[in-house]
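For reference, the structure I am asking about is given below.
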C-alpha cells in the first residue's frame, strides 16, 4: 500500500474489512504500508485499533523515512526497526551493475565520488549516476556532482564555523544558499575531516562537534537541516 496516494480513512477501512479473514494459503497475511508518514492524522488514528489488537495471522510493516511525522499513539504500538545504510562497497557494486546494463563505463574516481556523495542511499546514488552518465569527461562529471558555486558556499560555511564569526554573519550566508544543501554538508564534513587529522587537538575537538552535527543527510530536511546543523555548532560554543 503506497500511502503517498492511498492515505485516507477509506483506505484504512479497506484493510479493516479483510484483516480478520484467514489467509487462503500459508500461515499469515502481511500488509506493507509504504511512505506511511503521508497518511492523514485521521487515517493514522483509524488504524490504531487494528495495530493494537490484530488477528494472530496479520502482520503490519509501516515503512517511513520520516517517523517523526507519525502520531505518537501509532509509534507506541509499533516496534522500531532501523534499516542500516548500504555499505560503500555494496553501493559501488550496484552502480557498476547499472553501468554494465546501460553499456556505459564511468571512471573509477567518478564512481567513488558518487558513492561518497550518496551517504549509503542506493536511490540517491542512481540519481547521481543518471545525472552524469551522458557527460563526456571525468572532470565534467565531477563538476556536475558538486557545482563550483556549491563548492564555494560549502567552503565558506566551513570556514565560518571554524573561525570566530558570529551567528548573525552565518545567517546571512545561509540565506544566500538556494540549492544542494546536501552537497554543502559533504563539503563541510570533508573540511572537518581535514581539521580533525591536522594534529591540532583543540581544533580536532571542534571538528568532532561539526561531524556529529552534520552527520545526518539533508535529503529530507534540506535548507532547514543545514541551518539547524550550523546553529547547533554555534550554540555549543
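Quick check: anything in the range 24-32 crowded, with 17+ Cβ neighbours inside 10 Å, in contact with a strand residue (DSSP E or B) (Cβ under 9 Å, 6 or more places away or on another chain) and at pLDDT below 90?
No, the range 24-32 has no match at all.
When both residues are 6+ apart or on different chains and their Cβ atoms are under 6 Å apart, which pairs have a first residue that lies in the range 131-154 and is more than 13 Å from residue 113 (Cα to Cα), and a second that is exposed (fewer than 14 other Cβ atoms within 10 Å of the Cβ) and at pLDDT 85 or above?
The qualifying pairs are 133/104.
Hey, residue 165 hits all of (1) part of a helix (DSSP H, G or I); (2) without any contact (Cβ under 8 Å) to a residue 24 or more places away in the chain but one; which does it fall short on?
Condition (1) is where residue 165 drops out.
Could I ask something else about it? State all residues of the range 25-39 that are under 22 Å from the mean Cα position of the chain (by Cα) and assigned to a loop (DSSP other than H, G, I, E, B); if no residue qualifies, say none.
If the condition is that a residue be under 22 Å from the mean Cα position of the chain (by Cα) and assigned to a loop (DSSP other than H, G, I, E, B), then 35, 39 are the ones that fit.
Within the range 168-187, which residues are in contact (Cβ under 8 Å) with a residue 12 or more places away in the chain, closer than 30 Å to residue 132 by Cβ and either in a helix (DSSP H, G or I) or over 21 Å from the mean Cα position of the chain (by Cα) (or both)?
173, 174, 176, 181, 182, 183, 184, 185, 186, 187
Looking only at residues that are surrounded by fewer than 18 Cβ atoms within 10 Å (Cβ to Cβ) and modelled with pLDDT of 90 or more in the range 210-223, which one is nearest to residue 162 (Cα to Cα)?
Only one residue fits best here, namely 211.
Please find, among 116, 66, 52, the residue that is closer than 30 Å to residue 192 by Cβ, assigned by TED's automatic domain parsing to the domain that holds residue 18 and touching a residue at least 24 places away in the same chain (Cβ under 8 Å).
Answer to the selection: 66.
Still on this structure, I have one more. Out of the residues in the range 97-138 that are exposed (fewer than 12 other Cβ atoms within 10 Å of the Cβ) and closer than 19 Å to residue 180 by Cβ, state the one that is modelled with the highest pLDDT.
Per the stated criteria, the residue is 130.
Another question, then. Among the candidates 47, 6, which residue alone is assigned to a loop (DSSP other than H, G, I, E, B) and more than 30 Å from residue 115 (Cβ to Cβ)?
Of the residues listed, the single one that is assigned to a loop (DSSP other than H, G, I, E, B) and more than 30 Å from residue 115 (Cβ to Cβ) is 6.
Give the residues of the range 119-143 that are under 18 Å from residue 215 (Cα atoms) and part of a loop (DSSP other than H, G, I, E, B), sorted by residue number.
Selection gives 119, 120, 121.
Condition (residue is touching a helix residue (DSSP H, G or I) at 6+ places or on another chain (Cβ under 6 Å) and within 26 Å of residue 146 (Cα to Cα)) applied to the range 79-89: is it met by at least one residue?
Scanning the range 79-89 turns up at least one residue that is touching a helix residue (DSSP H, G or I) at 6+ places or on another chain (Cβ under 6 Å) and within 26 Å of residue 146 (Cα to Cα).
Specify which of the listed residues (14, 22) is assigned to a helix (DSSP H, G or I), more than 24 Å from residue 120 (Cα to Cα) and out of contact with any helix residue (DSSP H, G or I) (no Cβ under 7 Å at 6 or more places or on another chain).
14
The values are calculated or read from the model by the stated rules, or taken from the named source; none is laboratory data. Computed from a prediction, not measured in an experiment: that's the story for all the values here. All Cβ positions, glycine included, derive from the backbone under ideal geometry; neighbour counts span all protein chains shown.
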